Each structure stands twice: as structure tokens, then as C-alpha cells.
Amino acid sequence: MPVPRWGFGPIRPGPARLSTMTAERPRTSGTLPTSSSRGRCRAKAPAPGENRPGPSLGIDLGTTRTVVARVDRGNYPVVPFPDEHGDPQEYLPSLTALTPDGLVHGFAARAAAREGAPLLRSLKRRLSSPRITPATELELGGQRFTVLEILTDYLRHLRAQLKAAPGMDGTDPGARGSRVSVAVAVPAHAFGAQRLLTLEAFGDAGFNVIAMLNEPSAAGFEYTHRKARTVSSRRSRVLVYDLGGGTFDTSLVDVRGVAHEVLASRGLGDLGGDDVDLLLAQLALERAGVREEDLNDREVSDLLDQCRDAKEALAPQTRRIALDVRGKDIIIQTAELYDVCKPLLERSLDVMEPLIGRLADGDPDLTEVAGVHLVGGGSALPLVPRMLRERFGARVHRSPYPGASTAIGLAIASDRDSGYDLIDRLSRGFGVFREADDGQRTTFDAILGEDAIQAGATREGTVITRQYTAVHNIGCFRFVECAGVDADGEPRGELAPYQEIIFPFDPALRDEDLSGRPVERTGAGRRVQERYEIDSAGLVQVTITDLEDGFSRRYVLGRQTA
């Protein structure tokens, strides 16, 4: 079936300039983190006599819906928001529309779209692009906005809605001096650019973000909070299956009491509940004999809303799905939808396979697994638990709050009294292209390759260094993130290039503008060290140091910080 347009405007990526660094083959050393990396997602308890902070929130910025849970004396209720009819809903639609008065969001955007306003859906899926930058532009209603502008404005709307929400007592979570703390999440496989952009947008919207977790890691907290009795010394592993609106994540978590350690994570940025809506819409159009290109934007939006509502209303016993296409009643057999959805879900099971392989040898019945935890709005599709139970049997547990599980887990993480600890890991590869053989060829130096990921050397606090003798006047670094590294040491999957980093190996050039300056071979020069460290948000910090006099510069995902 052809790929539908579904109202999305084109992306215009920001620039990503790359240049090659030249050096001799570097020497590697690695330092694994100590236990001090534990508990990074647990908020610090106030000192005696210190004022207790305001309410803590867990905010799950989803592809189709944003869900917020708050901390309330050991409970983690979901915050309701009034829809366009004034009825409370446990989510805010992740929608943006353009009206004559400007951008509107959430339920207001949904109402505006029904009146014909241009609508932007699934912004979060756009954030997963390896070429995303804050300056990436989207087109909406003939106007261009940067991704950062739209996301920040949406989060300001969320902040205003939270101020009026029940349980917040009129507290503005982004007001100056506000003591409201917030934990947020990103997909486990998210590139650094998405992590930075998310943090920047929340900060620009006024939120006090105290922690950023990977989404399945947060869902793991919700599982053990609710199903602690399923975890024992013999069954300490939890497989999290997180099928959201636009992305899929899976993590293998080892649980020892309140201590959670993520052993491995995998994910897909192009698989989610949105795809089920699209497939159902395609079936309806084919049955109605209507071409997608013949629909106007309002008709497209209406059809997708119908498909989403019909999908969410499916129960295991549902046999038929009723839709309306241009006034014509259309009936789709549920089995037809499941047939076209199976290949999508099989992709998710394929992604889970390496995590299953990390379980102890000789356990074909997966005796180490306490449970397979199904979360994310997409997991509510009855076909999902059916396919997983065929593989894992009765240990498959679908969260009673599949769409809110991550938000609840984030609220637990932000709760100073919950006691939960988390050790998480980076699940993506990272490296730099270097010249070899006197510039005759280019090689990829996998700073964080498959071996490091499998060995667990990708936790917060991990430090990896490279040392070499510089042989040029300047170093031009071409850093990239990737889905992984193959057996030959080459990057595989999508590549996310960082902005160009230029470092002066020649001390005389330290105060010069190096852009456009030619790279000149100088022969054996000064000793240089590259130091790579993973921080609590899953970002890689790079410090380049001239070891002869200590001159250094530090960068975070291409953004210089010192």
C-alpha cells in the first residue's frame, strides 16, 4: 500500500557539517563507574529543617498523548485535563494546530482541526530523526516553525493546564521560585539530539527537570511498584515491552528489592500505534474505493481520529470495526486488521530477541523472567498480548494503565520517599571517523561499540579515553551516533552526526577562528587526550585536552560548554 501523507509537512534539517580528524592509532583505556552512579534518578531528600519541595511530577511526552502523574503520599495518581467539552481525560493530546490567532495545542488543537485548521500530529516521531536539530523546520498551514518553537509552545500550554488541574492547588509548575520538580523520559534508543532538544524545550517552558529516564526504565518502576510479589531471587528479570504511539522500546531490567539495573535496551523509532491507525485507514479507503490523495486535510484528520478511536475501543471479542468514509458506512473485519498488523509486531519481537539472548544459558523456559511488562498505548491492541503470550505464556502482564505506566514510573522516580534506585545504560553506539595510513583511508573508531554495550560499559559515569600524538595543526572531529556497530567495527543503522568540532592542536591557533582554516600536516606534535563520559541524561560529554599544558575544551553532543 502507498505511504499516505496524513497531514505532515516536510522537514528541513539544520546543517550538519562533518570533517575528518587525523591522528595515529589511539590507545584505549576504560574506567567503569562505581556504585556512586546508583540512585541518580532518585530525588535527594531534604536536610533537617529544610523546607520540603513542592509536588513532584512525572511527565511522559508521548507521540499521540502526553500523560502526567503526580506524587501524593506514596500514591501516583494521573492528572486529569478537561477536554473541549469540559469532561476530564487522563491525558493531553500531543497535537498542535495553526489558527488565525496562532498556535493552539492539546484539546484546543483537536477542536480547531475539526473546523479545518491545519494540524500537526506525532511531533515526537519527528524528534527521533537522526538529523533533527533545534533549528529543524516544519511546515504548518503554509508557515514555517522550528521544532524547538513548537515543542516549547506545546509545553507552555501543558504547564498552564497543569496549574488549573485537580491536585495541583493552583501551583504553576514553571513559575519563578516554584519548588515543583519534574522527571521526564525519552525512548531508550533516542539519539543525543532528541535528548538535548527535549531538555531544552522543557527548560525554556519553565519546568524544573531533575531527571531524564529512558521510557522502559520508568515503566519498570511502575511494574515493581504494582507487582512486587512476582519478583524473587530466582526470578529477578523483567522484560519491558513498550509500544507507544510512534516508537517501540524494550528493556531487560534486573530487580533486586528497590534497586533496578537495566541490563540492555533496544528500540525502533518508526514503529508504534500510529502505524496501526494508518493501516486501518488504508483498509477503509480501499474498501470505500477512495484514494487518499482525493481527501482534503479535514477529511484525513477525521478518518485518522475515527481509526484511533476504533483501535482503542477494540476488545478481545471484537469481530468488526465500523468506520465512515465520505458518508459511506465501511465495515472492516478485525481479523483483516490483525493480518496487516502482524508484520509490524513481528518486527518488535525481532528487536527483543537480543535481550532474550542475554538471559542465562540453559533457560529455554525463561525461568529468570518474573514478568513481561506490556506498556504504552499501542500495547492495548488485543493482538499484542496475544502474540506475546504465545511466546512467554502466563508471565505476560499488561499494565492496567498502559498509556500511563511511564508517567507513573517517572513520578515514582521523582518521589524522594519512594526509595527506588536505577542504574541505566546507553543503548546506542558512538564513535568518530579518523584518517589512517597517512590519510589514504578513513576508519571508524567505535568509542562505544557493541562490545561496550554488551559488557555494560555504558552506564552513567562511564569514562573512556583515547591518547595519541597529534600530527596536524588542527583536529576536525566527525562524531556520530549509530544504532550499533557491526562485526567489522563499522557503524550500522541510522547515523546521527554531531556538529563539527574543531580543536587547535597548535597552541598558536587557540584564539583564532578555525572555520575554513586548512588542515596542515606538521609531523609528530603534542600529546592529546580525548575523554568521553556518559551523563545522567544519556548524553556523551567529550573533553579534548592538550596533555603538555592542560589546555582543554568540553562539548556535549556537539555543543561546546567550556
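No value in this document is a laboratory result; all are computed from the given coordinates. Remember, it's a predicted structure, so these values are computed and weren't measured experimentally. Cβ atoms come from the backbone with ideal geometry, glycine included; neighbour counts cover every protein chain shown.
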Cα shape, segment 83-125, gyration tensor, a/c 1.5 rule
oblate
Anisotropy class of segment 113-218 from Cα gyration tensor, a/c 1.5 cut:
oblate
Exposure-ranked with fewest Cβ neighbours within 10 Å first, MET352, MET387 stand as MET387, MET352
Could you line up LYS328, LYS124 from fewest to most neighbouring Cβ atoms inside 10 Å?
LYS328, LYS124
Residue-wise, which Karplus ³J(HN,Hα) couplings in Hz belong to segment 238-243, taking 6.51 cos²θ - 1.76 cosθ + 1.60, θ = phi - 60°, and x for glycine or proline?
10, 8, 9, 10, 10, 9
Determine, for ILE534, ILE132, the number of other Cβ atoms within 10 Å of each Cβ, and report the residues in order from fewest to most.
ILE132, ILE534
Would you please give the residues with an amide H less than 5 Å from that of ARG517, counting only those at least 5 places away or on a separate chain, with H modeled from the backbone geometry?
none
Electrostatic dipole magnitude of segment 253-384 [Cβ: Lys, Arg +1; Asp, Glu -1; Cα centre; debye, to 20]:
320
Quick one: grab the alpha carbon gyration tensor of segment 69-161, order the square roots of its eigenvalues as a ≥ b ≥ c, and give me rounded if a/c is under 1.5, else prolate or oblate depending on whether a/b is larger than b/c.
oblate
Which whole-Hz ³J(HN,Hα) couplings does segment 92-101 yield from phi under the Karplus relation 6.51 cos²θ - 1.76 cosθ + 1.60, θ = phi - 60°, glycine and proline marked x?
10, x, 8, 10, 9, 10, 10, 10, x, 8
Estimated vicinal HN-Hα couplings, Hz - segment 181-196 in sequence order (Karplus 6.51, -1.76, 1.60; Gly, Pro = x):
9, 10, 10, 10, 9, 9, x, 4, 8, 4, 5, x, 4, 5, 5, 4
How long is the gain from ASP549 to VAL463 if the chain were fully straight, where each residue apart is worth 0.36 nm and the alpha carbon distance is subtracted?
28.8 nm
Tell me which residues come under 5 Å, amide H to amide H, from SER94 once H is placed; ignore anything under 5 positions away on its chain.
ARG65, THR66
VAL432: net charge of surrounding residues, Cβ under 10 Å, Lys/Arg +1, Asp/Glu -1, itself excluded?
+1
The answer for PHE479, listing residues at least 5 apart or on another chain whose modeled amide H is closer than 5 Å to its amide H, is TYR498, ILE501
Would you kindly state how much longer the chain becomes between ARG287 and GLU299 on full extension, computed as 0.36 nm times their sequence separation minus their alpha carbon distance, in nm to one decimal?
2.7 nm
Relative contact order (%) - segment 251-391, alpha-carbon pairs under 8 angstrom, separation at least six
24
Please list, or write none, the lysines whose alpha carbon is within less than 29 Å of the alpha carbon of LYS328, excluding same-chain residues fewer than 8 places away.
LYS311, LYS342
Simple label model, 7 Å out from Cα along Cβ direction - ALA175 to ASP339, nm
5.9
Once the Cβ-Cβ distance between ARG114 and ARG326 is put in as r, and R0 is 22 Å, what FRET efficiency do you end up with, to the nearest 0.05?
0.85
May I ask you to compute the full-extension gain from ARG256 to ALA508, defined as 0.36 nm times their residue separation minus their alpha-carbon distance, rounded to one decimal in nm?
85.3 nm
